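Student: Have a look at the structure that comes next, please.
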Amino acid sequence: MKLLSFSTLLYSAAVLTASPAISTDKKALIYGSDDPITLVSDGVTPAISILDFGQNFEGHPVFEVVALSGDTSRFEVTFAESAASLSQYESDGPLPLAAAMETHRVKGFNITKTSLHEDRLIQGAFRYQKLNLSTAGELVLQNIGVRQTVHTTPLTELPGSFQCSDDDLTRIWHTGARTAQLTEIPKNSIPDFWIVSNDGAFVESLASQPLAGAAATGLLEYQVSFEAKPTTGALMVSVLMDTLSNGIDVVCDFTKGSVYALFERSVIASANLTLSPDLNSWVAIATTIKTTEIQVAINNSTILSFSQDKRFFGAFGLGAPLGHSVYYRDLVANDLTGDVIYSSALTDRSFLDDFLMGSNPADTIVDGSRRDRIAYNGDLDIALAASFASTYGSSFVQGSLVLMGSFQLTPGFFVPTAKIQQGPSLDLIPANITGLIGYSFNLVTAFAQNYMITGDVAFARQWAPAVTRMLDWADSRVVNGLFTLADPSFTGDWNYYDPPQTGASSKFNAVYAYALQQSLRFLKDSGIDTSIYEARLASLRQAMHKQLFDTSLGMYVLTSEVRTGFSQDAQAIAILAGVPQANNASITALLSTMERELLLPAGPLAFSNSTVSAGFAQKISPYASSYHLRAAFESGDGAGALGLLKRLWAPMANPQNANYTNCFWETLNPDGTPGLGLVTSLCHGWAAGPTAELIKFVLGIQPVSPGFKDWVVKPMTLGLSFANGRQHTEKGDISVHWHFDSSGFVQMNVTGPKGGLVHLPTPLINSLDASVIKVNGEIVPGTDFPVAATGETIIVQERERSGC
């Protein structure tokens with residue numbers, strides 16, 4: 001194919017045989033084109049080719065240069081989850097929050113010879129690559145693709161499986177499984193963020209990462225000094241940083257003769273830089289922070305001094321602006337009395353762990369493959385369920401629970417996030433404040449769910465004290481029967497862009513009740529007397545309904561302070577926690593009101609329209625909707641569950657969707673587009689709820705006792721003509737196949753270990769009154785169901801024959 005000087009070509013992804021020079025794992029390599037690609041530019045109009053891989057991939061990008069001529073010094077590769085992101089130079093980046101992948105989504109190359117190239121660092125999830133040659137030359141490329149670092153088992157060969165007569169539901173299950181696969185990060189798969197040698201540490205186009213630790217993030221006044229060799233002309237020092245790398249970035253650009261300070265990518269101070277050092281020589285940099293005053297000096301000469309009111313405390317780190325590389329050595333941080341806070345020559349890679357820039361020590365589940373690629377305890381209740389139902393990533397589940405469970409503060413609540421380069425904390429953290437308090441309850445529920453799936457009593461006993469510490473702290477914050485918090489720093493939630501929910505929040509009381517309910521078996525089997533927790537649960541259910549249920553709304557109000565509206569997840573989790581049931585309130589009425597007040601063509605709003613005046617955004621949340629879906633299924637509302645699946649998840653799983661990635665998205669706008677613009681994660685594990693629920697309710701496979709020692713199959717048919725699949729367990733696979741024949745009679749095949757009970761699917765097309773049921777060839781009255789199942793159980797419904 002001949003390319004014009006400006007060309008935009010689309011290619012579909014193709015799995016090809018890998019070159020041994022790149023990787024010995026052939027399955028790990030995926031290429032974006034079967035054919036070589038030629039880029040020809042006249043230096044005025046760039047040559048651009050866009051490769052469409054068809055769905056999200058991640059890993060180390062690769063390409064081979066097979067021929068070149070002319071000037072090929074400015075070749076760039078850009079990565080994006082959505083095609084729309086390619087309209088921006090930085091695409092859907094930058095991504096400075098952690099050292100688990102490249103900071104930037106555009107990478108430049110000076111091509112001087114034919115070669116095989118593999119990026120050292122990982123690119124998070126992308127569907128598209130844009131190739132851009134802007135200098136006057138010609139490049140011929142082949143084998144353009146990515147070496148994946150996550151597991152590459154085909155979705156049809158995973159431990160779990162699901163297929164049914166509705167293509168939408170089948171695609172939904174597989175898209176959730178792919179989301180789980182891309183957010184399970186194998187241990188030791190993340191390379192060192194910096195290259196460390198005896199000459200110093202080399203950094204190229206990477207965001208600064210903060211010194212880790214509670215003491216570092218609380219620093220107020222200090223000086224950071226180091227030596228730098230700015231090989232391409234610019235360096236970056238960051239101060240007053242939080243744990244997610246937000247802070248004040250100071251850039252010294254010798255090539256442009258400027259020094260400037262950035263906050264949230266906007267310049268807040270600048271000055272001319274008159275120094276012109278040899279770029280291959282070392283310069284001494286010192287940055288001094290005195291509360292709001294910041295001063296920067298090079299070789300003992302002040303180059304920038306300014307006041308700011310954006311950040312008042314935080315850690316420090318070093319980086320390199322986009323397109324620049326720099327060497328660093330001899331980093332020292334002192335307080336203003338001269339005492340050393342931190343010191344490293346930066347010539348031994350051990351310092352990388354101090355800044356969480358080394359490898360990842362354990363299998364872990366992250367929130368999103370591209371953003372944030374960090375572990376969040378609030379995601380785990382949904383994400384681990386999807387993993388168990390598809391990849392059966394038990395090592396990833398346990399790695400995440402150990403990591404997040406270890407970051408418990410002395411009062412009992414947990415830190416909501418952790419970077420996956422961290423190892424578990426060995427001691428309680430001596431602090432008394434956290435954010436996203438609901439996530440601490442979600443973590444308790446995740447521990448309980450893990451126990452029900454695996455039956456690992458030793459693991460449960462190990463973590464039961466942490467769970468009781470959290471639940472006991474929650475009880476200490478009960479006022480007039482309700483869990484109540486006045487401090488807004490605690491009461492943000494997954495919707496970080498919305499106001500905090502202070503006072504007695506229906507969401508936080510519901511998730512507390514759910515944590516109590518779900519953890520009872522976990523605690524009891526760990527040898528803990530649960531009577532006090534059972535009593536607290538009963539009391540909380542009564543108080544929540546009495547004080548937070550509004551009869552005119554027919555809903556649990558947002559909070560005791562905002563009573564004019566409600567949230568989707570508070571209602572769903574209240575149902576799951578048995579709150580309305582304990583008060584003889586109608587679940588059907590709750591679900592019907594949610595549908596009437598929240599449901600749009602693209603899915604349900606996370607907050608009712610009446611909360612807008614209180615500052616809440618109108619967004620659709622697959623995370624909140626995953627609890628809504630679970631509540632609908634558990635309540636027997638098959639029509640409601642099917643409606644949620646069709647409206648919200650089916651479009652995301654449809655390859656014709658403009659933003660399709662074969663993964664589920666973080667948040668949506670009311671019109672069904674990505675809800676946070678280009679920054680939206682289009683691969684987010686908290687959105688994969690249906691993958692677990694389809695196994696639990698359409699196949700009907702659920703544990704009755706921990707580890708599936710006892711299990712049940714109780715399918716909901718949802719108007720389908722067939723469904724089949726399997727759930728892996730520690731005792732062996734449980735496989736289910738059911739279908740209706742042309743006359744509407746059901747046939748069912750269940751295979752599994754001992755301890756099973758099998759129900760007939762509901763609803764049946766033909767009633768039991770007009771049929772005969774045979775179990776393994778023997779007639780069994782319909783009233784005898786459920787029937788015991790061990791090994792293979794075959795159930796056949798036949799037309800009742802008249803006469804003798």
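The values are calculated or read from the model by the stated rules, or taken from the named source; none is laboratory data. In this text, all values refer to a predicted model and were calculated from it rather than measured experimentally. Positions of Cβ are backbone-derived with ideal geometry, glycine not excepted, and every protein chain shown enters the neighbour counts. Keep in mind that these areas ignore ligands, DNA and RNA; they rest on the heavy atoms of the full protein, side chains included. Shrake-Rupley method; radii C 1.70, N 1.55, O 1.52, S 1.80 Å.
Student: Looking for whichever is surrounded by fewer than 20 Cβ atoms within 10 Å (Cβ to Cβ) and either at pLDDT 95 or above or not aromatic (Phe, Trp, Tyr) (or both) here; the options are Ser238, Ser305. Which one fits? Walk me through it before giving the result.
Tutor: Values: Ser238 fails: surrounded by fewer than 20 Cβ atoms within 10 Å (Cβ to Cβ).
Of the residues listed, the single one that is surrounded by fewer than 20 Cβ atoms within 10 Å (Cβ to Cβ) and either at pLDDT 95 or above or not aromatic (Phe, Trp, Tyr) (or both) is Ser305.
Student: Still on this model: Out of Gln547, Gln501, which single residue is open to solvent by 10 Å² or more (accessible area, probe 1.4 Å), touching a Ser or Thr at 6+ places or on another chain (Cβ under 9 Å), outside any strand (DSSP E or B) and at pLDDT 95 or above?
Tutor: Working: Gln501 fails: open to solvent by 10 Å² or more (accessible area, probe 1.4 Å).
Sole residue among the options that is open to solvent by 10 Å² or more (accessible area, probe 1.4 Å), touching a Ser or Thr at 6+ places or on another chain (Cβ under 9 Å), outside any strand (DSSP E or B) and at pLDDT 95 or above: Gln547.
So that you can scan it fast, the table gives a plain yes or no per residue for (1) open to solvent by 10 Å² or more (accessible area, probe 1.4 Å); (2) outside the structural domain of Thr231 (by the TED database); (3) closer than 25 Å to Phe193 by Cα; (4) among the aliphatic types (A, V, I, L, M):
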site	(1), (2), (3), (4)
Ala261	no, no, yes, yes
Val296	no, no, no, yes
Ala320	no, no, yes, yes
Gly323	yes, no, yes, no
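Student: Filter the stretch 325-356 for residues that are in a strand (DSSP E or B) and of a type in the set (Gly, Ala, Ser) and give the result.
Tutor: Filtering the stretch 325-356 down to residues in a strand (DSSP E or B) leaves 325-335, 340-344.
Correct list: Ser325, Ala333, Ser343, Ser344.
Student: So, of the residues in the stretch 191-212 that are under 25 Å from Asp427 (Cβ atoms) and either open to solvent by 40 Å² or more (accessible area, probe 1.4 Å) or of a type in the set (A, V, I, L, M, F, W, C) (or both), which turns out to be farthest from the chain's Cα centre (by Cα)?
Tutor: Per the criteria, the residue is Leu211.
Student: Among the numbered conditions (1) surrounded by 17 or more Cβ atoms within 10 Å (Cβ to Cβ); (2) within 17 Å of Thr232 (Cβ to Cβ), tell me where Thr255 comes up short.
Tutor: (1)
Student: Now, a different point. Criterion first (touching a strand residue (DSSP E or B) at 6+ places or on another chain (Cβ under 8 Å), open to solvent by 20 Å² or more (accessible area, probe 1.4 Å) and basic (Lys, Arg)) does Arg469 satisfy it? Explain how you work it out, then say what you get.
Tutor: Values: touching a strand residue (DSSP E or B) at 6+ places or on another chain (Cβ under 8 Å): yes; open to solvent by 20 Å² or more (accessible area, probe 1.4 Å): yes; basic (Lys, Arg): yes.
So Arg469 fits the description; yes.
Student: Does Asp71 count as open to solvent by less than 10 Å² (accessible area, probe 1.4 Å) and either more than 19 Å from Val150 (Cα to Cα) or polar (S, T, N, Q) (or both)? Give the derivation first.
Tutor: Numbers: open to solvent by less than 10 Å² (accessible area, probe 1.4 Å): no; either more than 19 Å from Val150 (Cα to Cα) or polar (S, T, N, Q) (or both): yes.
Against the criterion (open to solvent by less than 10 Å² (accessible area, probe 1.4 Å) and either more than 19 Å from Val150 (Cα to Cα) or polar (S, T, N, Q) (or both)), Asp71 does not qualify.
Student: While we're looking at this one, here's another question. Could you grab me the full set of residues in the stretch 41-99 that are closer than 21 Å to Arg265 by Cα, part of a strand (DSSP E or B) and small (Gly, Ala, Ser)? Full working, then the answer.
Tutor: Within the stretch 41-99, the subset closer than 21 Å to Arg265 by Cα is 78-80, 85-99.
Filter once more, so that each one left must be part of a strand (DSSP E or B): 78-80.
The answer is Ala80, and nothing else.
Student: Tyr556: among the aromatic types (Phe, Trp, Tyr), open to solvent by 40 Å² or more (accessible area, probe 1.4 Å) and at pLDDT 95 or above, yes or no? Steps first, answer last, please.
Tutor: Numbers: among the aromatic types (Phe, Trp, Tyr): yes; open to solvent by 40 Å² or more (accessible area, probe 1.4 Å): no; at pLDDT 95 or above: yes.
Against the criterion (among the aromatic types (Phe, Trp, Tyr), open to solvent by 40 Å² or more (accessible area, probe 1.4 Å) and at pLDDT 95 or above), Tyr556 does not qualify.
Student: Quick one: is Asn766 in contact with a Phe, Trp or Tyr (Cβ under 8 Å, 6 or more places away or on another chain) and open to solvent by 20 Å² or more (accessible area, probe 1.4 Å)? Please lay out each step first, then the result.
Tutor: Numbers: in contact with a Phe, Trp or Tyr (Cβ under 8 Å, 6 or more places away or on another chain): yes; open to solvent by 20 Å² or more (accessible area, probe 1.4 Å): yes.
Judged against the criteria, Asn766 is a match.
This table checks each residue for (1) among the polar types (S, T, N, Q); (2) outside any helix (DSSP H, G or I).
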| site | (1), (2) |
| --- | --- |
| Phe126 | no, yes |
| Leu139 | no, yes |
| Gln163 | yes, yes |
| Ala177 | no, no |
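Student: Sticking with this one: Considering every residue within the stretch 362-374, establish whether at least one is surrounded by fewer than 24 Cβ atoms within 10 Å (Cβ to Cβ) and of a type outside the set (Asp, Glu).
Tutor: Checked against the condition, which is being surrounded by fewer than 24 Cβ atoms within 10 Å (Cβ to Cβ) and of a type outside the set (Asp, Glu), the stretch 362-374 yields at least one hit.
Student: Are any residues in the stretch 141-161 polar (S, T, N, Q) and not in a loop (DSSP other than H, G, I, E, B), and if so, which ones?
Tutor: Residues of the stretch 141-161 that are polar (S, T, N, Q), as a first pass: 142-143, 148-149, 152-153, 156, 161.
Gln142, Asn143, Thr156, Ser161, listed by residue number.
Student: Restricting attention to the stretch 354-361, does a residue exist that is closer than 28 Å to Leu678 by Cα, of a type in the set (Asp, Glu) and in contact (Cβ under 8 Å) with a residue 40 or more places away in the chain?
Tutor: Within the stretch 354-361, none of the residues are closer than 28 Å to Leu678 by Cα, of a type in the set (Asp, Glu) and in contact (Cβ under 8 Å) with a residue 40 or more places away in the chain.
Student: Between Asp487, Asp427, Asp456, Asp475, which is under 30 Å from Asp733 (Cβ atoms) and among the charged types (D, E, K, R)? Steps first, answer last, please.
Tutor: Values: Asp487 fails: under 30 Å from Asp733 (Cβ atoms); Asp427 fails: under 30 Å from Asp733 (Cβ atoms); Asp475 fails: under 30 Å from Asp733 (Cβ atoms).
Selected residue: Asp456, the only one of Asp487, Asp427, Asp456, Asp475 that is under 30 Å from Asp733 (Cβ atoms) and among the charged types (D, E, K, R).
Student: Further, regarding this structure: Select from the stretch 708-731 the residues that are β-branched (Val, Ile, Thr) and in a strand (DSSP E or B) and write down the one among them that is most open to solvent (accessible area, probe 1.4 Å). Explain how you work it out, then say what you get.
Tutor: Restricting attention to the stretch 708-731, the residues satisfying the condition of being β-branched (Val, Ile, Thr) are 712-713, 717, 729.
Narrowing the set further to residues that are in a strand (DSSP E or B) leaves 712-713.
Values: Val712: 24, Val713: 0 Å².
Selected residue: Val712.
Student: Also, I was wondering about something else. Since Arg265 meets every condition but one in (1) farther than 30 Å from Phe414 by Cα; (2) touching a residue at least 12 places away in the same chain (Cβ under 8 Å); (3) surrounded by fewer than 16 Cβ atoms within 10 Å (Cβ to Cβ), which condition does it not meet?
Tutor: (2)
Student: Pull out all pairs, ordered by first then second residue, where Cβ-Cβ is under 7 Å, the residues are six or more apart or on different chains, the first lies in the stretch 629-657 and is in the same structural domain as Pro674 (by the TED database), and the second is open to solvent by less than 10 Å² (accessible area, probe 1.4 Å) and polar (S, T, N, Q).
Tutor: Sorted first by the residue in the stretch 629-657, then by its partner, the pairs are Leu644/Ser625; Leu648/Ser625; Met652/Thr175; Ala653/Thr175.
Student: Show me the helices (runs of 4 or more DSSP H) found entirely inside the stretch 554-663 where at least 1 residues are among the hydroxyl-bearing types (Ser, Thr, Tyr).
Tutor: 587-598, 622-634
Student: Looking at Thr38, Thr45, Thr8, can you tell me which residue is modelled with pLDDT under 95 and open to solvent by 30 Å² or more (accessible area, probe 1.4 Å)? Walk me through how you get there before you give the answer.
Tutor: Working: Thr38 fails: modelled with pLDDT under 95; Thr45 fails: modelled with pLDDT under 95.
Of Thr38, Thr45, Thr8, the one residue that is modelled with pLDDT under 95 and open to solvent by 30 Å² or more (accessible area, probe 1.4 Å) is Thr8.
Student: Acidic (Asp, Glu) and in contact with a Pro (Cβ under 9 Å, 6 or more places away or on another chain): is that true of Asp733 in this structure? Outline the logic, then answer.
Tutor: On the way: acidic (Asp, Glu): yes; in contact with a Pro (Cβ under 9 Å, 6 or more places away or on another chain): yes.
In short, yes.
Student: Report yes if some residue within the stretch 688-711 is polar (S, T, N, Q) and touching a Leu at 6+ places or on another chain (Cβ under 8 Å); otherwise report no. First the steps, then the outcome.
Tutor: The initial filter retains those residues of the stretch 688-711 that are polar (S, T, N, Q), namely 691, 702, 705.
Right, trim to touching a Leu at 6+ places or on another chain (Cβ under 8 Å) and you get none.
Among the residues of the stretch 688-711, not one is polar (S, T, N, Q) and touching a Leu at 6+ places or on another chain (Cβ under 8 Å), which makes the answer no.
Student: Taking Ile528 and the conditions (1) surrounded by fewer than 17 Cβ atoms within 10 Å (Cβ to Cβ); (2) not in a helix (DSSP H, G or I), which numbered condition does it fall short on, given that it satisfies the others?
Tutor: Here Ile528 clears every test but (1).
Student: Related question: Just to check your reading of the model, which residue among Pro159, Pro154, Pro96 is touching a residue at least 12 places away in the same chain (Cβ under 8 Å), open to solvent by 10 Å² or more (accessible area, probe 1.4 Å) and outside the structural domain of Ser33 (by the TED database)?
Tutor: On the way: Pro154 fails: touching a residue at least 12 places away in the same chain (Cβ under 8 Å); Pro96 fails: outside the structural domain of Ser33 (by the TED database).
On inspection, the qualifying residue turns out to be Pro159.
Student: Return the residues of the stretch 647-677 that are more than 15 Å from Ser621 (Cα to Cα) and either open to solvent by less than 10 Å² (accessible area, probe 1.4 Å) or not aliphatic (A, V, I, L, M) (or both); say none if nothing qualifies.
Tutor: Ala653, Asn654, Pro655, Gln656, Asn657, Asn659, Tyr660, Thr661, Asn662
Student: Would you point out which residue out of Asp487, Asp475 is open to solvent by 30 Å² or more (accessible area, probe 1.4 Å) and within 20 Å of Ile528 (Cβ to Cβ)?
Tutor: Working: Asp487 fails: within 20 Å of Ile528 (Cβ to Cβ).
Only one candidate qualifies: Asp475.
Student: Can you name the number of the only condition in (1) assigned to a strand (DSSP E or B); (2) crowded, with 22+ Cβ neighbours inside 10 Å that Leu116 fails?
Tutor: Result: Leu116 passes all but (2).
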